[in-house]
Amino acid sequence: MKQRIIALVIMIFAFALVLTGCSKGKETLYIFNWSDYIDPTIVSEFEQANNCRIKYSTFDSNENMLTKVKSTTESFDLIFPSGDHVSILQELGMLEELDKSKLMNYGNLDPQLLAKATSFDLGNKVSIPYAWGLTGLMYNKEYVPEEIVASGGWNILADSFFDGKNKITMLDDAREVIGAALIYSGYSLNDTSEAAMTAAHEVLKVWDRNITQFDSDSYKNEVPDGTTWIAQAYNGDALQQISENANLGFILPKEGAAMWMDNIVMLKSSKNKELAYKFIDFMLDAEIAKRNAEYTQYATPNQAALQLLEEDFVNNLLINPDDTYLQKCHMIEYLGDRVKSIDQIYEAIKLN
Ligand code: N2P
C-alpha cells in the first residue's frame, strides 16, 4: 500500500513537471471565436510550428462576444466577429489597424469578397474575412414529414403540425430571428421602417406559438437526438451534423436567407501582436484554409483555397448557392441606432 502511494505521488509530481515544463516560458495567444468554427488540428499545428500556446475560447452569438470583450479583464488578441460587429467594435475604438505587409498570404483572399467587406470595414483596414454563410432550417427526418419540408419556406415554422409540440427552436440572435420574419414578409432584412417592423412582429407572434426556445448552440445536439425537430440553423453547423447522421436535413428557405461574413480582427489591447499576425497569416495559407473549410463546412473567402477544394464541396448548393438564390439573400448590415427597433421586437417576443 505504502509503495503504491509513493508511486502515485511520484507520478503526480512527474505529470506536474511535464505540464509546467511545457507551458512555462511559452508565448500564449488568446483567441475568441464562434464554437465549432475551426479545425482543432490546425490550432495544434500552429502551436507546434511556433512553439507557443493558444488559449482558445468560444462564443455562440455576436451579442455574447461583445459583452465579454467589453467587460472582461482577460484580454483577447484575436476575435472573430460578423461584419456588423466589426463596425461596432471599430466604433468603440477597440480594433488595431492591420499592417498587411505582415501577411504574406493576404493575396489569397477573393478581391470580390474583400470589396463586399468594405460595407462594414471601409478600406479593409481592421478585418480579415474568415468565412461566410447562410442561415436556414435544420430538421430531423424521423419527426418532420417530408411534405412539410417540401413547402420549402420560412412559414414551415408556423405549420399546425407543430402546434403545442414544443419542438422548434430559433437562434438567440435578434438580427437572425427578426431577419427571417422580414425576409418571409418580403422586406429586406435590414429594413427597420415601421411597416417592416409591424409585419415582422405579426409573423413572429404566429411562429412563436411553436417556438420552444431561442438558443444558438443547443440545436446542434437537440435536432440529432430528437429533442428539437426543426431549428433555425447556420448552414455549416447543420452540415457538420448531417455528415455524421443521415436522418438530418437542411434547407435554405425559398424566400431567401440571412447572409453573414465572419472576420478575424485584432484588438488594440493585444499584448502579442506579432504572434497574432502569424496566426492570421497561417489561417490565410491556401492549404490550411482548404482544410478548415472542409472541417467547418463553411464557404471560404480564400480563392486560392477554393481552387484546392473538391468539386463536391465547391458545388454544394447549401454551401455555395447559385446566383439566383444569392440574389434573394441579405447580408446582415450594421444599422447603428436603427437596430433598437429590431431589438425591441425581439425582446417583446422573448418575454411573451
Ligand atoms: C459557427 C457559427 C458561425 C456563424 N458555429 C455565425 N456567424
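The values are calculated or read from the model by the stated rules, or taken from the named source; none is laboratory data. Computed from a prediction, not measured in an experiment: that's the story for all the values here. Cβ coordinates were reconstructed from backbone atoms using ideal geometry, including for glycine residues, and neighbour counts include every protein chain displayed. The accessibility values were calculated without ligands, DNA or RNA, using every heavy atom of the protein model including side chains. Shrake-Rupley method; radii C 1.70, N 1.55, O 1.52, S 1.80 Å.
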Using the heavy atoms of the protein chains alone and a 1.4 angstrom probe, what is the accessible area of region 199-292 per residue in square angstrom?
-> 34
Quick one: of the DSSP bridges fully inside the chain, what percent are antiparallel, nearest 5?
-> 55
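Keeping the other protein chains in place, figure out the carbon and sulfur percent of the accessible area of the chain, with a 1.4 Å probe. Intermediate values should be presented prior to the final figure.
Working: 8520 of 16350 Å².
In the chain, the share of accessible area belonging to carbon and sulfur is 52 percent.
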Sequence order, region 39-46: Karplus ³J(HN,Hα) from phi using 6.51 cos²θ - 1.76 cosθ + 1.60, θ = phi - 60°, Hz rounded, Gly and Pro as x, gives 6, x, 5, 5, 4, 5, 4, 5
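Could you tell me whether region 192-298 comes out rounded, prolate or oblate from its Cα gyration tensor? Rule is a ≥ b ≥ c as square roots of the eigenvalues, rounded for a/c under 1.5, then prolate if a/b exceeds b/c, otherwise oblate.
Working: a/c = 2.45, a/b = 1.50, b/c = 1.63.
In terms of gyration-tensor shape, oblate.
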Let a ≥ b ≥ c be the square roots of the eigenvalues of the Cα gyration tensor of region 276-335; is it rounded (a/c under 1.5), or, if not, prolate (a/b larger than b/c) or oblate?
-> oblate
Straight-line reach from Lys271: which lysines have a Cα under 23 Å away, not including same-chain ones fewer than 8 places off?
-> Lys24, Lys26, Lys55, Lys68, Lys70, Lys100, Lys102, Lys125
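Identify the GluC sites (Glu not before Pro) of region 53-160 meeting these criteria: DSSP loop state and at most 11 other C-beta atoms within 10 Å of the C-beta.
Values: sites: Glu63, Glu74, Glu91, Glu96, Glu97, Glu142, Glu146, Glu147; in loops: Glu74, Glu96, Glu97, Glu142.
Filter output for region 53-160: Glu74, Glu97, Glu142.
Using a/c under 1.5 as the rounded threshold, could you call region 119-209 rounded, prolate or oblate? The axes a ≥ b ≥ c are square roots of the C-alpha gyration tensor eigenvalues, and prolate needs a/b larger than b/c, oblate otherwise. Kindly include the intermediate steps, with their values, before the conclusion.
Values: a/c = 2.68, a/b = 1.56, b/c = 1.71.
Because a/c hits 1.5 or more and a/b fails to exceed b/c, region 119-209 counts as oblate.
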Name the residues whose placed amide hydrogens come within less than 5 Å of the amide hydrogen of Tyr130, ignoring near sequence neighbours (fewer than 5 apart) on the same chain.
-> Asp262, Asn263, Ile264
Taking H as built 1.01 Å from N, whose amide H comes closer than 5 Å to the amide H of Ile54, not counting residues under 5 places away?
-> Leu29
Tell me what the chain gives for mean residue ellipticity at 222 nm when only DSSP H runs of n ≥ 4 count, each as -39,500 (n - 2.57), the sum divided by the residue total, rounded to 500 deg cm²/dmol.
-> -13000 deg cm²/dmol
Rounded to whole angstrom, the alpha-carbon centroid of region 134-207 lies from that of region 93-111 at a distance of 37
Going by average Cβ neighbours within 10 Å, how do the peptides 148-161, 226-239 rank, with the highest at the top?
-> 226-239, 148-161
